Structure formats: structure tokens, C-alpha cells
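> My questions all concern the structure below.
The values are calculated or read from the model by the stated rules, or taken from the named source; none is laboratory data. Everything quoted here is computed from the prediction, not taken from an experiment. In this analysis, Cβ positions are derived from the backbone assuming ideal geometry, glycine residues included, and neighbour counts consider all displayed protein chains. With ligands, DNA and RNA removed, areas are computed over all heavy atoms of the protein, side chains included. Shrake-Rupley method; radii C 1.70, N 1.55, O 1.52, S 1.80 Å.
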Amino acid sequence: MSELAESPLFAGQRHTRVDEARAAIAAVLRPVEEVQELPLPQALSRVLATDLLSPIDVPPHDNSAMDGYAFDGAALREDEATELRLAGTAFAGAPWRGALAPGQCLRIMTGAVMPEGCDTVVPQELCRVQDERVTIAPGVIRQGENRRRRGEDLARGRVALAAGRVLRPADLGLLASLGLERVRVRRRVRVALFSTGDELREPGQPLPPGCIYDSNRCSLRAALQRLDCEVLDLGLVRDDPAALRATFERALAEADVVLTSGGVSVGEADYTRALMAELGDVAFWKVAMRPGRPFAFGPLRGRERPVWLFALPGNPVAALVTFYAFAREALLQIAGATPQPLPALRLPCTTPIRKRPGRTEFQRAIVAPDAQGVLSVRLTGSQGAGVLRSLSEANALVVLGHDDGSVKVGDAVTVWLFDGLV
Ligand code: AMP
Ligand code: MG
């Protein structure tokens, strides 16, 4: 009997809360361990394997934050102008070598090394320059201003990026600024993906009566690509125990995760359950959520380690919503990433929503600004579980919590934005 199935959460017929299911999944997952070293241009969206310590001070020297004139700020007077004589120029990449005498200043460019004895830069637009004389009016600048200090961004030996970081463009820039050209990341998570159902046909093929096109594999593959997973597409599988077994065996030999859609609803689950009981410790849950009630999760026995099964409902909207609700964060966890819940906004809702406490609801919605640029959220038309078009029109999901009741116009609701996330 499985650990998950034995847990009091899943005993009997009680519906599992969304947050309980998420916690139960997070508690058993283990990340992939293999590490590889990649050149920076190939490391976008990969997960940093170890804490990365800065090998240098950034910036490596005190330098000017402005184009202007560098001088010793002790020379500044509160009530009268400061007059300095120009002694030379310091360019970025071409330091001025020498020492300033009292009363002297140096023309300096942004990023140029601060010369010995200088601690202040007056921007060029704040002073008057005539011949070789620079005049600074009282009060325009204070001692120490416009100097960037060595190590101010990052001191040598400090953690520049922590293990588990999903590398974004700015992170790669940061690594480059430290002089690094390669980075150690975990290997990608391999996900075997297939759809089940006798009624399903491949896009591009004729559609016999009673059949529909397989859309889930296409949307789920794309969602996996956004998470930087390696997708092993195992195609369409008929509702047939032998075909299903053969597909699972291939998935178990090659993948870290098996992601399926269809075949877990009550009418279809019998032989799936029997097969799952043979292959691993899968819990079949009825989750208290809409859309997307049936959902199965658990470890299957892979060759060397567990392979995690996420069996999503077949309904196209339910499949994607359960993917976001349960699989997205789990896949990041398996990838070794620091937990990253979907960023949630709180926005006023301009559509009333009827809801009873006792289940989590995910409503397709559109977030848009009004004429003043203030954001609010409204629901898209049909919320039917199979209506993929309304999910495609949506740019967000309104998430109504398990214990929440109805929403009145103007009430604040929690919103998951799609862009950049899914
Ligand atoms: P199931 O969970 O297999 O009972 O499927 C529930 C509903 O979703 C049925 O109407 C199926 O035809 C539909 N469905 C299942 N899998 C897919 C798929 N891959 N693409 C589109 N619709 C699907
Ligand atoms: Mg089916």
C-alpha cells in the first residue's frame, strides 16, 4: 500500500483540498541530481546547482558614476563657490596615473577609476568650466557623491546567486560581470508525455465521426517547454491495457516524470488503477476543485529511482488548470529549483461570481487596465470545463480559495497571470 494512499488525507471518498494535495506532492518529491557545466549562452532557464561565490569585487575599483569632475570633497565650502584647477582626464578603461595637488580636479568619465585622493564627482552639468578652471556653486554637491565604491555591488567571496536559482537574463549578465564563462547547472527534467483515449486523433489526420483532435498533448508540451523540461512525446495511447502498459514501460525506462491526460475519471479508471498498482504507489484523488477533479499522482518504480506520475484529467481546460495547480511547482522542485509559487496579484473583480465554500475554483479571466491605467479583472464568457477557447482568450486565472464564498463586483480576488508563467 502506498505512503500517499495510506495517508489519512486520501483515505475514503472525501475530496482532497487543493492545498493538501499540493503539500502532499511537495513532501515526497526529490530533485534530479546530475550536474552539468554549460557555457552562459546555453544556461538560460536552467537551475543553478551550487551557490555561486563571487571570485572578484564588483566593481573592481572605486569609480565615477557620472561624466564630470573628480576632486577631494573636503575642499567644498558651504557658503561660497569652490574653484578647482583642471589637471587631466580619466577615461573608462584608461586610468589617470598621478596625484592631484590641493585645489586640483580631474575630468572623469563614467566608469573611470577614481584617482588617488578623490572621493567626489561633480556632474559636468552642475559646474561652470572656463579655461582650466572648474567652478562649483555652493550646495550643488556633497562630499562622497557620485563615487561607486569597489565591491559595492558584490564583494569577493559573497554569494552572487544561490543554488536553486532558475537563471534569468539578468542572472546571466551578473555571471558574465564576474568574469565567468561557464556555470554548473542541474540537468533538465525529462518528462514523458502522452494522451489517452480511443476518441483522440492527431491534428492533420482525418476526423472520423465521434472523434476529436488531441489538444492536450500540444498545450501540455508547450507548458513543459516554458519550464525548460525535456519532453519525450509518446503520442496517443488507446484505452487498452496492453497499449497503456507498453507506453508506461517505455516512459519508466527513459523519464523522470510521466505526464498523462485522460483516463483517470471514474468510468475509465479501473484498468488504469490496476496497472498503476502494479507499477508503483499512485494515489487517485478526487480534488475539491473546479475545473479538474480527478487527478492521480505518485511514484512509479523506474530503473534506478522513482518516476513521478502526474495523471491529469482529459478535459482540456481541466488538464491545463491541474497542470498549473499541481505539476508546475512540482516540476520546478524536481528540477532542483527553489520553490517558486505562481506570483499572485490581488485585483478588484468586475464580474460577480457565485461560489460555495468547500472547493477551490479557477476561473478564466482577463486582466486589463482602465483609462487611468488601473488594473481590474473580469471573467471570460463560458467557464465550461471543455471550452478551451475561453482559456485561450484569458490572460489570467481568478483563484477562489477553498473556504471563499461568492464574489461581489469590486471585491478583491487572487489572480494568476499567464504571461511569463505558463
Ligand atoms: P477522460 O478524462 O479521459 O474521461 O476525458 C474527459 C473529456 O476530455 C472527454 O470528453 C475526452 O474526450 C476529453 N479529452 C480527453 N483527452 C483529451 C485530449 N488529449 N485532447 C482533447 N480532449 C481530450
Ligand atoms: Mg478518456
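> What's the whole-number percent of alpha carbon pairs in the range 63-148 lying beyond 19 angstrom?
The calculated P(r) of the range 63-148 puts 25 percent of pairs beyond 19 Å.
> Still on this structure, I have one more. For helix 269-279, what angle does its Cα long axis make with the longest principal axis of the chain, in degrees from 0 to 90 and rounded to 10?
Rounded to the nearest ten degrees, it is 70.
> Okay, moving on. If Lys and Arg each add +1 and Asp and Glu each add -1, what is the summed charge of the other residues whose beta carbon sits under 15 Å from the beta carbon of E361?
Result for the local shell: +4.
> Just to confirm my numbers, what's the Cα centroid distance between the range 346-422 and the range 180-200 in Å?
A separation of 30 Å, based on Cα centres.
> Further question on the same structure: Determine how many Å³ per residue the convex hull of the Cα atoms of the range 214-255 encloses.
Expressed per residue, the convex hull around the Cα atoms of the range 214-255 is 61 Å³.
> How high is the relative contact order of the chain, in percent, with contacts defined as C-alpha pairs under 8 Å that are six or more residues apart?
That works out to 17 percent.
> Compute the length gained on full extension between L345 and Q124: take 0.36 nm times their separation in residues and subtract their Cα-Cα distance, giving the result in nm to one decimal.
75.2 nm
> Where the only charges are on Cβ atoms (+1 Lys, Arg; -1 Asp, Glu), what is the dipole of the range 181-222 about its Cα centre, to the nearest 20 debye?
660
> How large is the dipole of the chain about the Cα centre if only Lys and Arg carry +1 and Asp and Glu carry -1, each at its Cβ, rounded to the nearest 20 debye?
760
> Let me ask something else. Whose amide H sits under 5 Å from the amide H of Y213, counting only residues 5 or more places off or on another chain, with H placed in the peptide plane?
Answer set, sorted by chain and number: R201.
> Rounded to the nearest 0.05, what FRET efficiency do E199 and R354 have when you use their Cβ-Cβ distance and R0 = 35 Å?
Efficiency for this residue pair is about 0.60.
> Further question: Per the 1.4 Å probe, what fraction of the accessible area of the chain, in percent, lies on carbon and sulfur atoms?
Reported share for carbon and sulfur atoms: 50 percent.
> I've got another one for you. Around R290, which amide H atoms from residues at least 5 apart in sequence, or from another chain, sit under 5 Å from its own amide H, with H modelled in the peptide plane?
T360, E361, F362
> Continuing with this model, one more query. Skip the ligands, DNA and RNA, and give the accessible area per residue of the range 5-102 with a 1.4 Å probe, whole Å².
Normalised by residue count, the accessible surface of the range 5-102 is 55 Å².
> Using only the alpha-carbon atoms, how far is helix 241-254 inclined from the longest principal axis of the chain? Give it as 0 to 90 degrees, nearest 10.
With rounding to tens, the tilt is 30 degrees.
> Counting Lys and Arg as +1 and Asp and Glu as -1, what is the net charge of the other residues whose Cβ lies under 10 Å from the Cβ of R188?
Cβ neighbours under 10 Å give a net charge of 0.
> Spelling out what I want: for every residue of the range 91-108, take phi, set θ = phi - 60°, compute 6.51 cos²θ - 1.76 cosθ + 1.60 (Karplus), and round to whole Hz; glycine and proline get x.
Running phi through 6.51 cos²θ - 1.76 cosθ + 1.60 with θ = phi - 60° gives 9, 4, x, 9, x, 8, 9, x, 10, 7, 7, x, x, 9, 9, 10, 5, 9 Hz.
> How are the Cα pair distances of the range 344-421 distributed, in percent, across 5 Å bins from 0?
Cα pair-distance distribution for the range 344-421, in percent: 3, 16, 27, 27, 18, 6, 2, 0.
> While we're here: Just in the range 331-403: which trypsin sites (Lys or Arg not before Pro) are loop by DSSP and have at most 14 other Cβ atoms within 10 Å?
Counting only loop positions with at most 14 other Cβ atoms within 10 Å, the trypsin sites (Lys or Arg not before Pro) in the range 331-403 are R354.
> Quick one: 3J(HN,Hα) in Hz for the range 146-163, Karplus 6.51/-1.76/1.60 with θ = phi - 60°, rounded, Gly and Pro as x.
Those phi angles translate into 6, 10, 9, 8, 3, x, 5, 6, 7, 7, 3, x, 7, 5, 7, 9, 8, 3 Hz.
> With a cut-off of 8 Å between alpha carbons and a minimum separation of six or more residues, what is the relative contact order of the range 63-148 in percent?
Relative contact order of the range 63-148: 43 percent.
> Here's something else I'd like to know. Take the alpha carbon atoms of the chain, find their radius of gyration, then divide it by 2.2 N^0.38 Å using N residues; give the quotient.
Computed over Cα atoms of the chain, the ratio equals 1.37.
> Turning to a different aspect of this structure: Roughly how compact is the range 230-360, stated as its Cα Rg over 2.2 N^0.38 Å to two decimals?
Normalised Rg, Cα atoms only: 1.16.
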